[in-house]
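Novice: Quick one: the structure is below, questions incoming.
The values are calculated or read from the model by the stated rules, or taken from the named source; none is laboratory data. Source: prediction; values computed, not measured. Accessible surface areas use protein heavy atoms only, side chains included; no ligands, DNA or RNA. Shrake-Rupley method; radii C 1.70, N 1.55, O 1.52, S 1.80 Å.
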Amino acid sequence: MLSGFKNFIMRGNVVDLAVGVVIGAAFTGLVTSFTASFLTPVIDFIGAPGKADGLTVKLGEGRLDFGGFLSAVITFVMTAAVLYFLVVLPMNKLAERRNKGKEPEPAPITEDIRLLTEIRDALVAGRVPAQAVRHENDHPADR
């Protein structure tokens, strides 16, 4: 039981996921700081200061805050764009440069290709593959 747990933990994808979660948690602070320092002032300057109080609808004792939601959507889109252009795109370019000149690994041979190769080799050798041999009493409907 413990060896199965050890095998599960030592899988590459579990370790990669754990590293990704830790890096993501650390990156959250960076994104929050970037949003508060740069994106929120830009949104406020454009015309949605604070929560854009002019875009609210009173609903009984509560209110629907469309301005706050719009501000959050704009912040999300701007943050996603900044992350893409400043982090993801450069990392993809760096990975491309590292892999330049390396040949991709060939795809593994699928079962149908293996069977077709076996049939071809059997035909060339002038023999019939074992799977194709039928007994006289075999009928396709009996299978």
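Novice: Want the number for K93 to T32: 0.36 nm per residue separation, take away the alpha-carbon distance, what's left? Walk me through the numbers on the way to the answer.
Specialist: Values: separation 61, 0.36 × 61 = 21.96 nm, distance 2.55 nm.
Working it through step by step, the gained length comes to 19.4 nm.
Novice: Accessible surface of T32 in the full protein assembly, 1.4 angstrom probe, to the nearest 10 Å²?
Specialist: 90
Novice: Okay, moving on. Once the whole set of protein chains is in place, how much accessible area is left on F34, using a 1.4 Å probe, in Å² to the nearest 10?
Specialist: That residue has around 60 Å² of solvent-accessible surface.
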